[in-house]
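What follows draws every value from the coordinates through simple rules; no lab data is involved. Given the structure is predicted, the values throughout are model-derived calculations rather than measurements. No Cβ is skipped: glycine too gets one built from the backbone with ideal geometry, and neighbour counts run over all protein chains shown.
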């Protein structure tokens, strides 16, 4: 008969320390990048072409929608190749800009496809399970970082809300850190 090993409190501290950077990245992506992308997609949704394409994508079954994610991935790979070419020819800023813009556009296309096809994709069991796990990781990360985020907001004197306010928090904190006290 084997006995289950109990975790000691210091095991959890080590696990938390190792996973903290991952949690920070998840919350940053969720709170800043995802919000900005959603706002851009809302603006694009006002275009007739976007509405028509979204309706058409919504009619596809889940198995037919999955290969569509290869299109933005291919776009991202092309932008990476172009960025690498520019970097190799000593165009550092242009290469960085090509990479960032290409990856940004590819991400927006992937989000557009996901939002348009979400009901059909969620009927695929494995896809719904994966999205549920990602949501659980996101919720865990937010719960772990909530006290730190609340403290940063109190220190900066700015309540949470828009992306601009979140950047203002970091700006004020940086200004406070650079002040010379006499």
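State whether one or more residues within the range 88-100 are on the phi > 0 side of the Ramachandran plot and either in contact with a strand residue (DSSP E or B) (Cβ under 6 Å, 6 or more places away or on another chain) or exposed (fewer than 15 other Cβ atoms within 10 Å of the Cβ) (or both). Yes - at least one qualifying residue is present in the range 88-100.
So residue 72 clears everything in (1) touching a residue at least 40 places away in the same chain (Cβ under 8 Å); (2) surrounded by 12 or more Cβ atoms within 10 Å (Cβ to Cβ); (3) over 19 Å from the mean Cα position of the chain (by Cα) except one condition, right? Which one? So the condition that residue 72 fails would be (3).
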